[in-house]
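A short write-up of the structure that comes next.
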Amino acid sequence: MRLHVNGQVHDLDVPGSAPLLQVLRNDLGLNGPKYGCGLGECGACLVLLDGVPARACCIPVAGVDGRKVTTLDGLGRPGQPHPVQQAFIDCQAAQCGYCLNGMVMTTVALLRRHPQPTEAQARAALSHNLCRCGTHLEILAAVQRAAQLSAAVPASPGVP
């Protein structure tokens, strides 16, 4: 199986029925996507497939053949976080951090569609990501901060 993940090609000997999340975490050592519910309901496992949010826990790895997968691990670099990651840091939008992967990845996709989202657009986009810690206000502030930071930074080639 050949996977295109975070700008790199990986040739793996894994069953096509294996969940993408399992392959990302266990075979590629990527810890951004988390196992939450295993049903595609909570958003902890969210990745971008060709730039579109997708639940990695319920997608068989064979379903991503020929598609570009981006995980939280592929957004920024040490010392150079992606603008959305920086916004979540600036706004202290994490408490336990378990939902953070899904919140950040959803925000990246949202800002592609709506570079300056309204609060209603942000709420709608994030409504399918479960956060039980109560940092909803900080998360919404981080979305607005990410829009500001993204507008100020030109996009890098190959980085969502």
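Each reported figure results from applying straightforward, stated rules to the coordinates on display, with no laboratory input. Predicted model, so just to flag it, every value in this text is computed and none were measured. Positions of Cβ are generated from backbone atoms using ideal geometry, with glycine treated the same way; all protein chains shown enter the neighbour counts.
Below are the figures for this structure:
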| item | result |
| --- | --- |
| Cβ-derived FRET efficiency at R0 35 Å, Asp13 paired with Asp50, nearest 0.05 | 0.90 |
| Per residue, the convex hull volume that the Cα atoms of the chain enclose (Å³) | 103 Å³ |
| Cα centroid of region 90-115 to Cα centroid of region 1-69, whole Å | 18 Å |
| Relative contact order of the chain, defined on C-alpha pairs under 8 angstrom at six or more residues apart (%) | 24 percent |
| Reference-scaled alpha-carbon Rg (2.2 N^0.38 Å with N residues) for region 2-74 | 0.95 |
| Computed Kirkwood radius, in angstrom, where 1/r is averaged over Cα pairs of region 66-131 | 12.7 Å |
